[in-house]
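Report on the following structure.
The values are calculated or read from the model by the stated rules, or taken from the named source; none is laboratory data. Keep in mind that this is a model prediction, so the values were computed, not measured. Virtual Cβ from ideal backbone geometry, glycine too; neighbours counted across all protein chains shown. The protein model used for the area step is the full one, side chains on, heavy atoms only, and it has no ligands, DNA or RNA in it. Shrake-Rupley method; radii C 1.70, N 1.55, O 1.52, S 1.80 Å.
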Amino acid sequence: MRLHGRYAEVSHLDALVERGVLRREPRRVLGLFGYHRHFPGEPDLCATVREDFAAAEAAGFPLLRSRQLAALLSAIGLAGDLTGRGREGRSAMKALRRQQWTARAVRQNVKQDEPSGGDSGWGGDGDCGGGGCGGGGD
């Protein structure tokens, strides 16, 4: 099993190097034994990720993966920064957050870490509108 796992790891690393996510540098031990080190690459993934997110948002987050991402973005307070639909987009992500148990757990932890009575620096997602604050019902 270990042998097959090593081949799978190499194949995944090769794919990440080809995509530019990782860069591979050859190294030597004692000048005899060669090996490779992998370091983060410099890919420009932001534009692609934002385009994919905007397309998923426009389609109403049809895939489970996109719904989970939107819920987690709302949970950490980034919904307002990333939505292209304003209040409607924030509300949709907030509804998804309430449906996903993982996003509810993340939101609860974020709220515990926020200083009481001040800005946490996470950004706002309109979470306090409509009586949603202070009750712990999220």
Worksheet, complete the sentence: Exactly one of 98, 85 is at pLDDT 90 or above, at negative phi, open to solvent by 70 Å² or more (accessible area, probe 1.4 Å) and of a type outside the set (Gly, Ala, Ser), and that one is 98
Item to complete: Quickly run through the range 52-94 and pick out the residues that are of a type outside the set (Gly, Ala, Ser) and touching a residue at least 40 places away in the same chain (Cβ under 8 Å).
Response: 76, 78, 81
Worksheet entry | One residue from 47, 55 being at pLDDT 90 or above, part of a helix (DSSP H, G or I) and of a type outside the set (Asp, Glu) | 55
Worksheet entry | Hey, residue 53 in contact with a helix residue (DSSP H, G or I) (Cβ under 7 Å, 6 or more places away or on another chain), of a type outside the set (Lys, Arg), open to solvent by less than 50 Å² (accessible area, probe 1.4 Å) and on the phi > 0 side of the Ramachandran plot or not | no
Worksheet item: Residues in the range 1-29 that are on the phi < 0 side of the Ramachandran plot and at pLDDT 60 or above: how many?
Response: 20
Worksheet entry | Checklist (1) farther than 14 Å from residue 92 by Cα; (2) in a helix (DSSP H, G or I); (3) open to solvent by less than 90 Å² (accessible area, probe 1.4 Å); (4) in contact (Cβ under 8 Å) with a residue 12 or more places away in the chain applied to residue 25, failing item | (2)
